[in-house]
Amino acid sequence: MRLTLLLIALSACGVPTPEDARFETRRDALDAVTNFGTNPGALRMYRYVPANLEANRPVVVVLHGCGDTANNFSTAWSTWSTLADARRFSMVWPEQQASNNSGTCFNWFEAGDQLRDQGELASVKQMVDRTITDTAGSTRWYVVGFSAGAASATNLLAAYPDSIAAGAVAAGVAYKCATNVTEAFTCMGGSGGQTPATWAMRARLAYPTFSGAWPKVAVWQGLNDGTVVPSNRIELVEQFTALHGVDQTADGTAAIASGGTRSFFKTAGGETVVELDEVPGAGHTVRLGWATDMADFFGLAAPATAGGAGGGSGTAGGGTAGGGNTAGGNTAGGADAAGGGETAGGSAGGSATAGGSATAGGGSVTTPAPGGCSSAPGDITALLFLATALTRRRDAQDRSAPSRR
């Protein structure tokens, strides 16, 4: 028997003006893709492919927080689709199902969803592989996540360092900060407390035979986040600087255009391999302008021969089945989205950070300037997190089989 979760309705924000007016006519609806693989994580696949996309272009994966949907999150964080048109890359937007997690949080804290070629991580990798095949795309890809989605992004970075070029984690936690629901709540509260060497060891165990260069990582954190405690940003920096073999002392800082401070952690050769973006005054949220900064960090740029982007998305190579609808702004499960609402979504279920923003429906995607939405109060977030955890436990007791799917 399932508990009834409270659905939080967030106020809708106005859709921001695109960076380039040429692309105002592109459609925000995502295409639904089926039969992309065995899908062991039982996720849904949505994607956005710019019209007439050139071959050998990158794929960017964006993972939503709890209480959200792929279409809603893509509408809320619409900067990404604008960037895809302008800089010519395809996008994959995985979506959690309530049958896996009643708060629609990615199960980043479950042991079966933290390892290479297993569970939800394998499903996301299959989505990427399908998109690479359909678009003749580059085999090096990028991953971005917020809250529970951020935690799952960290899992992907640890599990697939051989194919992911770089990642951006917004309100996330270190890899294997938690391996069950109880630990997830503790982790989100900032009680990870390991040394950089221990954090790095945990990540290496996700793919023990890997000996190449680790993906670059940008860590984004609002310093007023009451859902994923800001100290988690330090643990993420410790984990990935240790993986790259650099120390935890910043090699320089710069101002973030939309507000905040950026710290750089570089190799002896001067390459930035870890970036820490700290935003005072920001709560459990992502802001529209952060997407541009993330794309710059990834080095995503339009090919020299690219013409105008064309406004449309398109399915590329026949991948879509059924075409996704745009979700006009309601979020499903609580997250507002539309128009820019903070990322929609929180994390319920466990998400501490990435993915989970503890809450389910909590964050709001805000614009760099005033006028954005605010995230849900921490007490509501905690309540939703606990409700989801209790629901999952009761569901487990009701099923005769041990599997959660």
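The values are calculated or read from the model by the stated rules, or taken from the named source; none is laboratory data. Since the structure is predicted, the reported quantities are computational estimates derived from the model, not experimental observations. For neighbour counting, all protein chains shown are included, and Cβ atoms are generated from backbone atoms with ideal geometry for every residue, glycine included. Accessible surface is based on the protein model in full, side chains and every heavy atom, while ligands, DNA and RNA are left aside. Shrake-Rupley method; radii C 1.70, N 1.55, O 1.52, S 1.80 Å.
On the basis of being farther than 20 Å from D293 by Cα and either modelled with pLDDT under 95 or open to solvent by less than 10 Å² (accessible area, probe 1.4 Å) (or both), does A84 make the cut?
No: the conditions fail for A84.
Evaluate the range 67-85: report whether one residue or more is of a type in the set (D, E) and without any contact (Cβ under 8 Å) to a residue 60 or more places away in the chain.
Checked the range 67-85: no residue is of a type in the set (D, E) and without any contact (Cβ under 8 Å) to a residue 60 or more places away in the chain.
Could you count how many residues in the range 211-229 are within 13 Å of A171 (Cβ to Cβ) and part of a loop (DSSP other than H, G, I, E, B)?
Counting residues in the range 211-229 that are within 13 Å of A171 (Cβ to Cβ) and part of a loop (DSSP other than H, G, I, E, B) gives 7.
Filter the range 87-111 down to the residues that are assigned to a strand (DSSP E or B) and either modelled with pLDDT under 95 or not aliphatic (A, V, I, L, M) (or both) and list them by number.
S90, W93, P94, E95
Right, T139: in contact with a Gly (Cβ under 7 Å, 6 or more places away or on another chain), β-branched (V, I, T) and either at pLDDT 95 or above or open to solvent by less than 10 Å² (accessible area, probe 1.4 Å) (or both) or not?
Taking the combined requirement at face value, the residue does not satisfy it.
Taking G317 as meeting all but one of (1) under 27 Å from T154 (Cα atoms); (2) modelled with pLDDT under 95, write down the number of the exception.
(1)
Would you please name the residue that is nearest to the chain's Cα centre (by Cα), looking only at residues in the range 166-200 that are surrounded by fewer than 21 Cβ atoms within 10 Å (Cβ to Cβ) and of a type in the set (S, T, Y)?
T179
Mind listing whichever residues of the range 230-252 are in a helix (DSSP H, G or I) and of a type in the set (A, V, I, L, M)?
I234, L236, V237, A242, L243
Filtering the range 37-85 down to residues that are out of contact with any strand residue (DSSP E or B) (no Cβ under 6 Å at 6 or more places or on another chain) and among the charged types (D, E, K, R), which residue is farthest from F106 (Cα to Cα)?
By that ranking, first place goes to E54.
Take the conditions at pLDDT below 95 and in contact with an Asp or Glu (Cβ under 9 Å, 6 or more places away or on another chain) and apply them to G189. Does it pass?
It is false that G189 is at pLDDT below 95 and in contact with an Asp or Glu (Cβ under 9 Å, 6 or more places away or on another chain).
State all residues of the range 112-124 that are part of a helix (DSSP H, G or I) and over 18 Å from V62 (Cα atoms); if no residue qualifies, say none.
Residue satisfying the conditions is G112 alone.
Among (1) in contact with a Gly (Cβ under 7 Å, 6 or more places away or on another chain); (2) open to solvent by less than 10 Å² (accessible area, probe 1.4 Å); (3) not in a helix (DSSP H, G or I), there is one condition N71 misses while meeting the rest; what is its number?
(3) is the only condition that N71 fails.
Give all pairs with beta carbons closer than 7 Å in which a residue from the range 187-213 that is at positive phi meets a residue that is not charged (D, E, K, R); count only pairs at least 6 apart in sequence or on separate chains.
Cβ pairs passing all conditions: G190/V229; G190/S231; G190/N232.
Report yes if G269 is modelled with pLDDT of 95 or more, within 25 Å of L83 (Cα to Cα) and either open to solvent by 10 Å² or more (accessible area, probe 1.4 Å) or of a type in the set (S, T, Y) (or both), otherwise no.
Criteria not met by G269.
Would you tally the residues in the range 87-105 being within 14 Å of Y46 (Cβ to Cβ) and either of a type in the set (A, V, I, L, M, F, W, C) or open to solvent by 10 Å² or more (accessible area, probe 1.4 Å) (or both)?
6
Any residue that is of a type outside the set (S, T, Y) and under 12 Å from V228 (Cα atoms) - is there at least one of those in the range 149-157?
Yes, because at least one residue in the range 149-157 is of a type outside the set (S, T, Y) and under 12 Å from V228 (Cα atoms).
Out of the range 127-147, which residues are of a type in the set (S, T, Y) and under 14 Å from the mean Cα position of the chain (by Cα)?
Listed by number, the residues that qualify are Y142, S147.
What single numbered condition from (1) buried (at least 24 other Cβ atoms within 10 Å of the Cβ); (2) at pLDDT below 95; (3) not aliphatic (A, V, I, L, M) fails to hold for G311?
For G311, the failing item is (1).
Taking the range 201-256 as the search range and keeping residues that are open to solvent by less than 60 Å² (accessible area, probe 1.4 Å) and of a type in the set (D, E), which one is farthest from G145 (Cα to Cα)?
E238
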